[in-house]
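Bear in mind these aren't lab numbers, they're just calculated from the coordinates by the rules spelled out. Computed from a prediction, not measured in an experiment: that's the story for all the values here. Positions of Cβ are generated from backbone atoms using ideal geometry, with glycine treated the same way; all protein chains shown enter the neighbour counts.
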Amino acid sequence: MSNLYRRECCFVLIGLAASGTALAQENAIGCLCNLVKEDENLKILIVKEGVIECLRNFWDSCPPARSLEVAVVLLRELATF
């Protein structure tokens, strides 16, 4: 997958993580986690584009039945650069 394509995917996924349904947010966060693995530039990009705020909102509004695992995994990925 080209770097430009990955960057564009990140913008779409951040939008879903910010304003999608709970399931869409969870899936978008999981996809972001997979995209940024071992790519420092994408990690920086998504942080600059507001993914931390999306994670905070997801964490605060997540129903008790939903798993917060994807948010924790993405935070762990972002912390490893």
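In a simple Cβ point-charge model (Lys, Arg +1; Asp, Glu -1; nothing else charged), segment 3-78 has a dipole of about 20 debye relative to its Cα centre. Going from the residue with the fewest nearby Cβ atoms within 10 Å to the one with the most, I52, I29 rank I52, I29.
The stretch between I52 and F11, if pulled fully straight at 0.36 nm per residue, gains 13.4 nm over its current Cα-Cα span. The angle between the Cα long axis of helix 51-61 and the longest principal axis of the Cα atoms of the chain comes to about 10 degrees, rounded to the nearest 10.
Between helix 69-78 and the chain there is an angle of about 30 degrees, using the helix long axis and the longest principal axis of the Cα atoms. Along the chain, the longest continuous region that contains none of the trypsin sites (Lys or Arg not before Pro) in a DSSP loop with at most 16 other C-beta atoms within 10 Å is 1-36. Ranked from largest, the principal axis spans of the Cα set of the chain equal 36, 23, 19 Å.
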